[in-house]
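In what follows, a single structure is set out as C-alpha cells and then discussed.
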Amino acid sequence: MEKKKSNKISWSTIYSLGLVPAILVWGLAPSLKENVIVLTSIIAGIIWTIFSRLYIHFFKGCGIIGWITGWSMIFGGITKAFLLLFGYYNIPIVLFWAPCMVVILYLFEHRNIHPPFCYQCILKRGGIRERHLLGDFSRYETHYIVRLILIGSILVTMLSWILFAFGVERQSRAGNYFYFYFPLGLSIAIIIFEIIRRLLIQQLIESHEKKCKRYINDKTNNPDMDYFFTVIRIMVIGQEKIYLIENKGDEIEFNSGKGFDIPIHRYTDYCTTQEEEEQKARQIIREELQIEKPDLRHISSAIAEDSWRRVGHYVLFISDKDQNKLNRYNGRWYTLEEITRLFHSNRLYPLFKEIYARFYTIVNTARTYYSNGKRRYPIRGYKPSFTLHRIDLLDIELDDPVWLYVSRHNDDRLLYRIDKWIRKILGKKCSSSNCCDA
C-alpha cells in the first residue's frame with residue numbers, strides 16, 4: 001500500500017488564530033459605544049467558545065486558545081456590564097479581558113486544570129511524546145503558544161492597569177493606542193510568529209524524515225513503514241522492580257530525547273484493531289523472551305489522526321524463573337526509589353516518563369477510590385503509597401479511562417461533591433462507561 005504524507009501547513013493548525021474575535025473587537029472598540037462593546041464581547045465570546053468546541057471535533061485541531069479567548073471575553077464583558085449598571089462608563093474592557101486570560105491561561109498551563117475535551121483528546125491521541133512518535137506535534141505547540149499568550153496577557157494587564165491608574169482615559173489618543181491597538185498588534189504579531197515557527201519546524205521534520213526513511217526501510221524491509229506502522233512498547237515488572245536500559249535516542253523519532261527506558265520498543269506492521277495489536281505484542285514477547293504465556297496487560301494506545309500510525313503501551317509481569325531472560329538486554333532492574341530519583345532529575349526517556357506517570361496515576365487511583373469516585377478508606381485525604389507489591393493481582397483494567405477521570409473527580413475534590421449533589425437532585429448515576437464524557 002502506498003500513500004504520500006502531506007506536510008503542508010493548514011490554517012487549522014495555527015492555534016493562535018483563536019485570538020481572532022478578540023482582535024476584531026479590539027479593532028472596532030474605539031468607534032463603538034460602551035454598551036455595544038459589552039454586548040459584542042459577551043455574544044462573540046459565547047459564539048467563539050461553542051465554535052472552538054466544534055472545531056476540535058470537526059477539524060481535529062486544538063481549540064483550547066479559542067476556548068480560553070471566548071471565556072475571557074464572556075467574563076470580561078459581564079464584569080464590565082456590572083460596572084455600567086453602577087455608572088462606571090469610562091473603564092476600558094481590556095482591564096478585565098487581559099486579567100481573565102492571565103488567570104485561565106495560568107490555571108491551564110501551571111495548575112493542569114483543563115476542560116473535559118482536553119482529557120478526551122489525551123485519551124484518544126496520547127500525550128506529548130506519544131504524539132511526537134506519531135508525527136503529531138500539536139500538543140507541544142499548543143502549550144508553547146499558550147505560554148507565549150500568557151506572557152503577552154501579563155504584559156497587557158500590567159500596562160493597561162498602570163496607565164489607567166495614572167488617569168489615561170479611554171477616549172484619548174494614548175488610551176486608544178494602549179487599550180486597544182497595542183493588544184491588537186501584539187495578538188497579530190503572535191499569529192505571524194506562530195506561522196513562521198510552524199513553517200521552520202515543518203522544514204526540520206521533513207529534513208529528518210528524509211534522513212530516517214532509508215533507516216526505517218532497511219530495518220523493517222517494508223517500504224511503506226515510513227507511513228504505516230505500529231510501535232509496541234512493553235514495560236517489564238518483576239520482584240517489585242522495573243527493568244530499564246539506557247536509550248540514547250530514537251533514530252526514527254524527531255527530537256526523541258534520551259534517558260533510561262523500557263527494554264522492548266519495536267516497530268512493526270500496522271495493526272488495525274486493539275486485538276491485533278495485543279497479539280503482535282505477545283508475539284514479540286515469545287520471539288524475544290521465549291515466554292509462551294506472558295502475563296501481559298494493556299495500558300493505552302494512541303492513534304494518529306491524519307496517518308496510519310499507532311503506539312501501544314503494555315506492562316509485562318514476569319516470574320522469578322524468567323527474570324534471567326532479560327539478560328539479553330544491556331540494562332538492570334531498578335527499584336521504585338531509584339526510578340523516582342531518575343524521574344525528578346529528568347533522566348528517564350521522555351516517552352517512558354509519560355507512560356510511567358500515567359501508570360502511577362491509574363494504580364494509585366484504583367487503590368484509593370472506587371470507579372464511582374468514592375473513597376475506599378474512611379480517612380479523607382489519605383492515599384496509600386505507590387508500590388509494585390502484588391500489583392499483578394490488582395483486579396482492574398489498566399486501560400479503562402475511568403481511572404484517569406476519577407483521579408480528577410473524587411471524594412476529595414470539591415467539584416466532585418458538587419457534581420454528586422446535582423446528580424442526586426437529577427436522579428442520575430455515574431458509571432465507568434459515561435464518566436469520561438463529562
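A357 falls short on exactly one of the conditions (1) within 26 Å of the chain's Cα centre (by Cα); (2) in contact (Cβ under 8 Å) with a residue 24 or more places away in the chain, and that condition is (2).
Only one of the numbered conditions (1) over 23 Å from I162 (Cβ atoms); (2) over 25 Å from the mean Cα position of the chain (by Cα); (3) not hydrophobic (A, V, I, L, M, F, W, C) is violated by G76, and that is (1).
Among the residues of this structure, R332 counts as one that is surrounded by fewer than 15 Cβ atoms within 10 Å (Cβ to Cβ) and either part of a strand (DSSP E or B) or under 24 Å from the mean Cα position of the chain (by Cα) (or both). A search for C-beta distances below 9 Å between a residue of segment 110-121 that is surrounded by 15 or more Cβ atoms within 10 Å (Cβ to Cβ) and any residue that is at pLDDT 75 or above and part of a loop (DSSP other than H, G, I, E, B), counting only pairs 6+ apart in sequence or on different chains, returns F117/G63; C118/C62; Y119/P401; Q120/P401; C121/C62. Against the criterion of being modelled with pLDDT of 90 or more, crowded, with 21+ Cβ neighbours inside 10 Å and either farther than 30 Å from D269 by Cα or in contact with a Leu (Cβ under 6 Å, 6 or more places away or on another chain) (or both), S16 does not qualify. Residues that are in contact (Cβ under 8 Å) with a residue 60 or more places away in the chain and touching a Gly at 6+ places or on another chain (Cβ under 6 Å): does segment 62-69 have at least one? Checked segment 62-69: at least one residue is in contact (Cβ under 8 Å) with a residue 60 or more places away in the chain and touching a Gly at 6+ places or on another chain (Cβ under 6 Å).
Against the definition (more than 17 Å from the chain's Cα centre (by Cα), at pLDDT below 85 and of a type in the set (D, E, K, R)), how does K374 come out, yes or no? So K374 does not fit the description; no.
The residues of segment 98-113 that are modelled with pLDDT under 90 and either part of a helix (DSSP H, G or I) or within 16 Å of T69 (Cβ to Cβ) (or both), listed by number, are L107, F108, E109, H110.
The values are calculated or read from the model by the stated rules, or taken from the named source; none is laboratory data. Just so we're clear, the structure is a prediction, and the values are computed from it rather than from any experiment. No Cβ is skipped: glycine too gets one built from the backbone with ideal geometry, and neighbour counts run over all protein chains shown.
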